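The values are calculated or read from the model by the stated rules, or taken from the named source; none is laboratory data. Because the structure is a prediction, the values reported are computed rather than measured. Neighbour counts run over all protein chains shown; Cβ positions are idealised from the backbone, glycine included.
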Amino acid sequence: MSFDDDFSEEETETGSDELLSDDNLRLPEGASPLVRLHAIRAWLARRQYETRIEIGEAALTLQRLMEDEPQMTRIRRRERTGLMERVQQTQQEMEGAQQRLNTYEEAQALLDECITHTTQGERALVEYYLTLEDLLQSDDLPSAESIATPRQQALMDVQHRVEHVSAPHEED
């Protein structure tokens, strides 16, 4: 019985996905374009998972705050205002997270399209990057004074990930 027999294929793939999705992943210069594509795909899956958790936590917080609402008639105006501000802030956080999740899902679909329509892995990476660039340009990137929308920030994060796994890193 070999060492590999102790692990199912699913556990091995999950472990490799965890490694490939790491924000600090450093692929060697000679890494296959397929490994690079898989690293982007694993990172997108991790981002979607983390964002879904963020949405769930915001929903729970919102539910708890709303449960406090019937008691609002008994609390002072200042406390009521504070509670309403927390409700509004939590709703905004939830909406932002939902926009990011939608963007990560869109980015995943775009990656799949680029892979489907391209026969070479390296070309798929380039096409994917350019597609993300087009989306960012069509969304009117914010100026230096303004803040990026959750969608724009997510697109920039995905584009940065493509740059990170596509560019060779020098060995330390």
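Among the residues of region 96-118, is any in a loop (DSSP other than H, G, I, E, B), modelled with pLDDT under 95 and farther than 23 Å from Glu57 by Cβ?
Yes, that holds for at least one residue.
Out of the residues in region 109-153 that are in contact (Cβ under 8 Å) with a residue 60 or more places away in the chain and farther than 15 Å from Arg41 by Cβ, which is surrounded by the most Cβ atoms within 10 Å (Cβ to Cβ)?
Here the answer is Glu122.
Only residues that are more than 20 Å from His160 (Cβ to Cβ) and crowded, with 17+ Cβ neighbours inside 10 Å: list them for region 92-108, please.
If the condition is that a residue be more than 20 Å from His160 (Cβ to Cβ) and crowded, with 17+ Cβ neighbours inside 10 Å, then Glu93, Met94 are the ones that fit.
Does at least one position in region 41-57 carry a residue that is of a type in the set (Asp, Glu) and either modelled with pLDDT under 70 or exposed (fewer than 12 other Cβ atoms within 10 Å of the Cβ) (or both)?
No, region 41-57 contains no residue that is of a type in the set (Asp, Glu) and either modelled with pLDDT under 70 or exposed (fewer than 12 other Cβ atoms within 10 Å of the Cβ) (or both).
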